[in-house]
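Undergrad: Before I ask anything, here is the structure I am working with.
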């Protein structure tokens with residue numbers, strides 16, 4: 001997923017330099033190739049160890065303390081944003097074209113949800129569909145109403161956790177699997193950049209404020225009862241500053257492209273946090289448990 005976002009964001013920067021026809025062909029080919037590749041990778045990461053059966057639904061809204069739902073919203077937002085941006089640079093700039101471009105991520109995630117519906121280990125989740133729709137709507141609204149400007153962004157921070165080793169089947173047995181599966185290691189952030197919405201703001205365009213969420217202590221989806229562990233399931237909320245690295249312009253074209261490509265990754269910065277027990281804490285970096 002991360003590699004696909006980097007690829008599409010990089011492609012969007014390159015499209016600014018190509019001819020119109022070349023832009024559109026490159027966008028269609030790269031997007032299709034990337035989505036097919038990601039679907040294949042997800043199949044082996046999620047479904048290969050489960051048998052298929054009759055299509056069924058599954059209510060997983062209370063699992064993983066909501067971290068998985070935020071992951072869905074983050075994914076569809078950033079897929080939508082990346083493809084809208086690439087489409088905009090390729091010359092597809094009408095509201096209808098932007099709506100179609102932004103919906104590609106939703107269609108892709110819905111196809112994965114349908115695969116879930118046929119998997120005995122999972123199921124079609126309406127909660128996932130709702131989370132996917134919210135992410136897409138946030139991207140499409142800004143793409144159309146704000147003309148491909150994104151003062152509201154969803155970001156992701158991954159810091160490896162120590163807990164995944166105790167349940168590698170669910171949380172991942174390799175570093176690449178854990179990026180997807182270990183919700184204890186993930187935090188999700190809603191970032192707002194005032195200058196990108198209000199032209200009169202005196203703040204730099206790259207400087208913003210962010211609200212974060214991180215769930216930890218999870219060995220199972222609902223509880224840790226099946227495990228002999230001292231880990232406690234905790235939810236922590238953050239208030240921090242943020243930097244939109246895509247707005248940092250340097251003299252080096254390759255560096256500007258790189259910064260734009262990775263702009264969905266949250267930079268760890270000092271934060272004020274509170275957990276679900278009301279314990280407040282100031283943190284130099286928001287990655288401690």
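Undergrad: May I ask you to list the residues in the range 147-158 that are within 20 Å of residue 196 (Cα to Cα), surrounded by fewer than 19 Cβ atoms within 10 Å (Cβ to Cβ) and touching a strand residue (DSSP E or B) at 6+ places or on another chain (Cβ under 9 Å)?
TA: 151, 152
Undergrad: Shifting gears a bit: Report those helices (runs of 4 or more DSSP H) wholly inside the range 157-200 carrying at least 2 residues which are modelled with pLDDT of 95 or more and not assigned by TED's automatic domain parsing to the domain that holds residue 240.
TA: Values: elements: 168-171, 175-181, 194-197.
Result: empty, no element qualifies.
Undergrad: Counting just the residues of the range 219-235 that are touching a strand residue (DSSP E or B) at 6+ places or on another chain (Cβ under 9 Å) and part of a loop (DSSP other than H, G, I, E, B), which one comes out modelled with the lowest pLDDT? Spell out the reasoning first.
TA: To start, the set of residues in the range 219-235 that are touching a strand residue (DSSP E or B) at 6+ places or on another chain (Cβ under 9 Å) comprises 231-235.
Now narrow it down to the ones that are part of a loop (DSSP other than H, G, I, E, B): 231-233.
On the way: 231: 89, 232: 92, 233: 95.
Ranking the candidates gives 231 first.
Undergrad: Hey, another quick one. Kindly evaluate residue 261 against the criterion of being crowded, with 17+ Cβ neighbours inside 10 Å and in contact with a helix residue (DSSP H, G or I) (Cβ under 7 Å, 6 or more places away or on another chain).
TA: Details: crowded, with 17+ Cβ neighbours inside 10 Å: yes; in contact with a helix residue (DSSP H, G or I) (Cβ under 7 Å, 6 or more places away or on another chain): yes.
The answer is yes for residue 261.
Undergrad: Suppose the filter is under 22 Å from residue 182 (Cα atoms), assigned to a helix (DSSP H, G or I) and not assigned by TED's automatic domain parsing to the domain that holds residue 158; does residue 84 pass it? Write out each step before concluding.
TA: Numbers: under 22 Å from residue 182 (Cα atoms): no; assigned to a helix (DSSP H, G or I): yes; not assigned by TED's automatic domain parsing to the domain that holds residue 158: yes.
Criteria not met by residue 84.
Undergrad: Kindly indicate which of 253, 266, 247 is within 21 Å of residue 78 (Cα to Cα) and either in contact with a strand residue (DSSP E or B) (Cβ under 7 Å, 6 or more places away or on another chain) or surrounded by fewer than 16 Cβ atoms within 10 Å (Cβ to Cβ) (or both). Outline the logic, then answer.
TA: Values: 253 fails: within 21 Å of residue 78 (Cα to Cα); 247 fails: either in contact with a strand residue (DSSP E or B) (Cβ under 7 Å, 6 or more places away or on another chain) or surrounded by fewer than 16 Cβ atoms within 10 Å (Cβ to Cβ) (or both).
Step by step, each of 253, 266, 247 is checked, and only 266 is within 21 Å of residue 78 (Cα to Cα) and either in contact with a strand residue (DSSP E or B) (Cβ under 7 Å, 6 or more places away or on another chain) or surrounded by fewer than 16 Cβ atoms within 10 Å (Cβ to Cβ) (or both).
Undergrad: Here's a follow-up. I'd like the full set of residues that are within 21 Å of the chain's Cα centre (by Cα) and free of Cβ contacts under 8 Å to residues at least 24 places away in the same chain, limited to the range 259-287. Write out each step before concluding.
TA: So in the range 259-287, the residues within 21 Å of the chain's Cα centre (by Cα) come out as 259-269, 271, 285-287.
Listed by number, the residues that qualify are 259, 285.
Undergrad: Given 229, 216, 234, which one is under 30 Å from residue 62 (Cα atoms) and touching a helix residue (DSSP H, G or I) at 6+ places or on another chain (Cβ under 6 Å)?
TA: Step by step, each of 229, 216, 234 is checked, and only 216 is under 30 Å from residue 62 (Cα atoms) and touching a helix residue (DSSP H, G or I) at 6+ places or on another chain (Cβ under 6 Å).
Undergrad: Same structure, new question: Within the range 114-143, which residues are part of a helix (DSSP H, G or I), buried (at least 19 other Cβ atoms within 10 Å of the Cβ) and modelled with pLDDT under 90? Break it down stepwise before answering.
TA: In the first step, residues of the range 114-143 are kept if they are part of a helix (DSSP H, G or I); the result is 114-118, 126-143.
From the residues that got through so far, the ones that are buried (at least 19 other Cβ atoms within 10 Å of the Cβ) too are 116, 128, 131-132, 135-136, 138-140, 142-143.
Passing the criteria: only 116.
Undergrad: Next question. Is it true that residue 124 is in contact with a strand residue (DSSP E or B) (Cβ under 7 Å, 6 or more places away or on another chain) and on the phi < 0 side of the Ramachandran plot? I'd like the intermediate steps shown before the answer.
TA: Numbers: in contact with a strand residue (DSSP E or B) (Cβ under 7 Å, 6 or more places away or on another chain): yes; on the phi < 0 side of the Ramachandran plot: yes.
Taking the combined requirement at face value, the residue satisfies it.
The values are calculated or read from the model by the stated rules, or taken from the named source; none is laboratory data. Treat the numbers as computed from the prediction; the structure is a model and nothing was measured. In this analysis, Cβ positions are derived from the backbone assuming ideal geometry, glycine residues included, and neighbour counts consider all displayed protein chains.
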